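Shown next, in structure tokens, is the structure this report addresses.
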Amino acid sequence: QETRPSTMLPLLVGAQALVVAPPAAGQDAIRSLMTKHDPILLYVSKLLEPDVASDAGALYAWCRRLDELVDDPAVSGDPATTVARIDEWRQRLDELWEGSPRDDLDAALLVTLRRNPSLGVQPFADMLQGMRSDAVRARRVVTGADLEE
């Protein structure tokens, strides 16, 4: 069950004021995710500058959760369910880009996106589209050109 971030604070971006969770709430959730799935990455992140580690962690959490969503054994054999879940994540991405994170991990990513405006939405949209394509047809990637299909 997703919840809105429980503790909110304003973040001024240009002329637009956004409300996001304080970095600590999202960072705690990211650390928990890394501890469970990638403890080495958590260790290595401590070698980075704090803002860089925070941004890398937020990007990791978004990708990790999306990957778990499509690899869920309960639905991995059902392309329609997987596509519906990916489409829901596209909606989630759109909401995030509008400044409305659904949870503390999304809020951490929103802080990252505002701190790094050159990231843009396209890499996230491309990842979603690639996963959607993989869900509807089985394919084997052998060459770099296969990735462009």
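Run the numbers for LEU48 and ASP72: contour at 0.36 nm per residue of separation, minus the present Cα-Cα distance, in nm. Before the final figure, lay out the partial values.
Working: separation 24, 0.36 × 24 = 8.64 nm, distance 3.13 nm.
Between LEU48 and ASP72, full extension yields 5.5 nm more.
Please compute the per residue accessible area over segment 21-140 with all protein chains in place, 1.4 Å probe, rounded to a whole number of Å².
About 53 Å² of surface per residue is accessible.
Hey, any idea what % of segment 48-111's accessible area is carbon plus sulfur with a 1.4 Å probe? Provide the component values of the computation, followed by the final result.
Numbers: 1480 of 2770 Å².
Whole-percent figure for carbon plus sulfur exposure: 53.
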Modelling each spin label as a point 7 Å along the Cα-to-Cβ direction, I'd like the ALA145/LEU119 distance in nm, to one decimal.
3.4 nm
The correct pair for segment 63-139, radius of gyration to one decimal and Dmax as a whole number, both in Å and from Cα atoms, is 13.1, 38
Ignoring ligands, DNA and RNA, how do GLU95, GLU49, GLU68 rank by accessible area with a 1.4 Å probe, largest first?
GLU49, GLU68, GLU95
Roughly speaking, what is the stretch gain from GLU98 to SER32, that is 0.36 nm per residue apart minus the C-alpha to C-alpha distance, in nm to one decimal?
21.1 nm
Quick shape summary for segment 38-107, equivalent ellipsoid via Cα gyration tensor, semi-axes whole Å in descending order, reads 26, 17, 7
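The values are calculated or read from the model by the stated rules, or taken from the named source; none is laboratory data. It should be emphasised that the depicted structure is a prediction, and the values quoted were computed from it without experimental measurement. Every residue, glycine among them, receives a Cβ derived from its backbone with ideal geometry; neighbour counts consider all protein chains shown. Side chains are part of the model used for accessible areas, which takes the heavy atoms of the whole protein and leaves out ligands, DNA and RNA. Shrake-Rupley method; radii C 1.70, N 1.55, O 1.52, S 1.80 Å.
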